[in-house]
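Undergrad: Here it is, the structure in full.
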Amino acid sequence: MCTVTYVRSGDKSIITSNRDEKSTRPSSFLPELYSINNKKLYFPKDPQSGGTWFAIDETGNVAVLLNGSFEKHDSLGYYLRSRGLILLDIISESDLLRTWEKIDLKGIEPFTIVILIDKHLFQLNWDYSQKYTCELDSDENHIWSSVTLYNDEAIKQREEWFNVFQAQNRFPDENEMRDFHLNTHSHDSQNGLVINREDIVLTQSVTQAVIEKNRVSLFYHDILKSSDFSKSFIII
């Protein structure tokens with residue numbers, strides 16, 4: 001939930017996410033098919049909160065969570081609800097943006113959601129007091145890094161790595177994107193794309209969705225367990 005890329009490569013939209021978490025947090029369950037609000041969703045589940053940081057619905061919409069909004073915030077220690085459950089509240093409804101506009105976020109920790117709705121890309125932010133909605137160019141490539149873990153210098157450096165990668169890979173496929181997320185500056189355990197900060201905070205997994213015409217493919221790699229999961233389905 002802490003490093004996300006979006007790439008438009010030919011007919012494919014590729015969203016890839018690295019989940020950085022405290023080592024004391026339990027490993028997530030492998031992605032499964034769930035029914036919420038009579039809507040089918042695929043997502044890996046966090047056993048601690050029951051929420052997720054990455055979900056795909058039956059129509060091919062994708063929602064990905066990052067901790068923090070525009071600036072690093074001080075944690076209050078207690079919040080009314082998990083941000084991972086808020087993500088499910090949004091993507092489980094029929095009108096995602098309408099749900100975002102109406103949802104009450106008082107008492108919720110700041111977050112960013114990258115959401116792809118019918119090939120339209122949006123960035124949704126909550127900063128303790130206000131919601132922000134920004135539509136992005138879905139024909140352009142984008143990278144996000146969580147402000148709770150990476151300072152401005154580290155975020156800028158990661159953007160530069162992404163720019164170099166794009167210059168070398170004009171139309172990257174899903175395998176090249178996973179390689180970027182797993183191996184970019186792997187020697188930098190503090191601010192590389194896969195981190196391990198003194199075994200306290202580390203990258204636990206990589207999750208990816210590939211949307212192409214009427215098909216969605218979901219890939220999940222558990223770094224800690226060295227296990228993989230993949231699933232493809234036809235978009236309704």
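Undergrad: Would you please state the base-10 log of I(q)/I(0) at q = 0.19 1/Å for region 161-236, with intensities from the Debye formula using one equal scatterer on every alpha carbon?
TA: Those come out to -0.90, one per q.
Undergrad: Can you give me the P(r) profile for region 82-193? Cα pairs, bins 10 angstrom wide beginning at 0, each as a whole percent.
TA: The percentages, shortest bin first, are 11, 36, 34, 18, 1.
Undergrad: Need one number: the % of Cα-Cα pairs in region 55-144 sitting beyond the 19 Å mark. Mind showing how you got there, number by number?
TA: Values: 1430 of 4005 pairs.
Of all Cα-Cα distances in region 55-144, 36 percent exceed 19 Å.
Undergrad: Let me ask something else about it. Determine the share of the chain's accessible area contributed by carbon and sulfur atoms, expressed in whole percent, with a 1.4 angstrom probe. Numbers along the way, then the final one.
TA: Values: 5190 of 11380 Å².
Carbon with sulfur: 46 percent of the solvent-accessible area.
Undergrad: Which value does Rg/Rh take for region 1-135 over its C-alpha atoms, Rh per Kirkwood?
TA: Numbers: Rg = 14.3 Å, Rh = 15.3 Å.
Using only Cα positions, Rg/Rh for region 1-135 is 0.93.
Undergrad: For the pairs Lys72/Lys156; Lys22/Lys213; Lys131/Lys231; Lys131/Lys225, flag any whose C-alpha to C-alpha distance is greater than 27 Å. Present the calculation step by step, with values, prior to reporting the outcome.
TA: Values: Lys72/Lys156 15 Å; Lys22/Lys213 37 Å; Lys131/Lys231 33 Å; Lys131/Lys225 37 Å.
Over 27 Å apart, Cα to Cα: Lys22/Lys213; Lys131/Lys231; Lys131/Lys225.
Undergrad: Continuing with this model, one more query. Measuring with a 1.4 Å probe in the full set of protein chains, what accessible area per residue, in whole Å², belongs to region 2-127?
TA: On the way: 5260 Å² over 126 residues.
Each residue of region 2-127 exposes 42 Å² on average to a 1.4 Å probe.
Undergrad: Let's see if you can work this out: charge +1 on each Lys and Arg Cβ, -1 on each Asp and Glu Cβ, no other charges. What is the dipole magnitude of region 1-85 about its Cα centre, in debye to the nearest 20?
TA: Details: 11 positive and 9 negative charges, 12 e Å.
Computed charge dipole of region 1-85: roughly 60 debye.
Undergrad: What would the Debye formula give as log10 I(q)/I(0) at q = 0.15 Å⁻¹ for the alpha-carbon point model of the chain, no solvent?
TA: Each listed q maps to, in turn, -1.02.
Undergrad: Of Pro31, Ser92, Tyr6, which is farthest on the positive side of the dipole of region 1-105, counting Cα position, with +1 on Lys and Arg Cβ, -1 on Asp and Glu Cβ, and the Cα centre as origin?
TA: Going by the Cα projections, it comes out as Pro31.
Undergrad: Also, quick follow-up: With a Cα-only, solvent-free Debye model of region 21-80, what are the log10 I(q)/I(0) values at q = 0.12, 0.15, 0.26 Å⁻¹?
TA: Result of the Debye calculation: -0.39, -0.59, -1.17.
Undergrad: Please state, as a whole number in µm²/s, the translational diffusion coefficient that the Stokes-Einstein equation yields for region 105-159 at 10 °C and 1.306 mPa s, with Rh defined as the Kirkwood radius across alpha carbon pairs. Could the numbers behind the result be given before it?
TA: Details: Rh = 12.7 Å.
Translational D for this selection: 125 µm²/s.
The values are calculated or read from the model by the stated rules, or taken from the named source; none is laboratory data. Computed from a predicted model, the values in this text were never measured in an experiment. Glycine gets a Cβ as well: all are built from the backbone with ideal geometry, and neighbour counts include every protein chain shown. All accessible areas refer to the heavy atoms of the entire protein, side chains included, with ligands and DNA or RNA removed. Shrake-Rupley method; radii C 1.70, N 1.55, O 1.52, S 1.80 Å.
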